[in-house]
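First comes the structure, then the notes that go with it.
The values are calculated or read from the model by the stated rules, or taken from the named source; none is laboratory data. Computed from a predicted model, the values in this text were never measured in an experiment. Quick reminder, even Gly has a Cβ in these numbers, built from the backbone with ideal geometry, and neighbours come from all protein chains shown.
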Amino acid sequence: MDLRQEYEKLSDEELVKRYQDGDQAILNYICEKYKPLVLRNSKKYFLVGGENEDLIQEGMIGLFSAIGDFDTNGQVTFFHFAAMCIDRQMIKAIEASNRKKHSPLNAYVSLYGDDGKDMEEPNLTSDDPAQLIIEAEENSSLIGRLRQALSPMELEVFDLYMKDMDYKEIAVHLGKSEKSIDNTLTRIKGKAKKI
């Protein structure tokens with residue numbers, strides 16, 4: 001009997017208990033089983049300036065948290081606990097997006113180096129202090145416009161990337177796949193080039 005057939009015979013609570021007891025292979029099965037719930041719940045919400053994919057990713061983070069935090073000795077079913085965690089994570093992302101939308105740019109961040117290497121500080125082209133100030137203001141304006149163009153998920157990845165985390169570290173930090181983070185960084189760089 002293969003693992004999938006074995007997993008299908010277990011209740012959701014038993015599946016989660018096995019994961020919490022160290023069966024890492026079961027995580028993919030649980031996530032696949034609950035992805036339709038994440039997709040259905042994501043349709044209830046709208047993320048201003050974001051994509052539905054961002055809400056789905058947030059929902060998957062909520063699901064992952066539910067799997068880790070579920071009390072297998074409690075009175076509530078895993079299904080209801082997971083649905084609550086998924087909704088809360090999506091709502092939290094929407095609230096964070098709304099707060100960021102109205103906050104001023106409060107930090108200067110360099111966005112240079114679209115050749116895939118670490119981003120570097122810009123080469124300022126003048127020794128004239130007035131020209132240096134103008135260039136710094138232009139760079140700050142570009143960063144502000146980019147930040148406004150990013151979805152909440154992209155903004156979170158961007159901020160971590162700018163803290164010198166590579167895509168593998170970001171994936172671990174956010175509990176997402178490396179491919180998902182790599183795709184997000186590609187979208188960010190595409191938006192940066194357009195701006």
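Overview of results
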{"read-out": "Any hit, segment 164-177, residues being modelled with pLDDT under 70 and either within 17 Å of the chain's Cα centre (by Cα) or not hydrophobic (A, V, I, L, M, F, W, C) (or both)", "value": "no"}
{"read-out": "Residues being over 25 Å from Ala149 (Cα atoms), among the hydroxyl-bearing types (Ser, Thr, Tyr) and part of a helix (DSSP H, G or I) - total across segment 38-81", "value": "1"}
{"read-out": "Pairs with Cβ under 9 Å, 6+ apart, first in segment 153-171 and in the same structural domain as Gly62 (by TED's automatic domain parsing) and more than 26 Å from Phe46 (Cα to Cα), second buried (at least 21 other Cβ atoms within 10 Å of the Cβ) and at pLDDT 90 or above", "value": "none"}
{"read-out": "Any hit, segment 48-57, residues being surrounded by 12 or more Cβ atoms within 10 Å (Cβ to Cβ) and more than 20 Å from Ala171 (Cβ to Cβ)", "value": "yes"}
{"read-out": "Matching option when the condition is in contact with a helix residue (DSSP H, G or I) (Cβ under 7 Å, 6 or more places away or on another chain) and either modelled with pLDDT under 85 or not polar (S, T, N, Q) (or both), among Ile181, Ile133, Ile143, Ile91", "value": "Ile181"}
{"read-out": "Boolean, Asp159 is closer than 22 Å to Ile56 by Cβ and at pLDDT 85 or above", "value": "no"}
{"read-out": "Matching residues, segment 45-100, being within 15 Å of the chain's Cα centre (by Cα) and of a type in the set (Phe, Trp, Tyr)", "value": "Phe64"}
{"read-out": "Residue selected from segment 1-17 under the condition surrounded by 10 or more Cβ atoms within 10 Å (Cβ to Cβ) and basic (Lys, Arg), by the criterion nearest to Gly68 (Cα to Cα)", "value": "Lys17"}
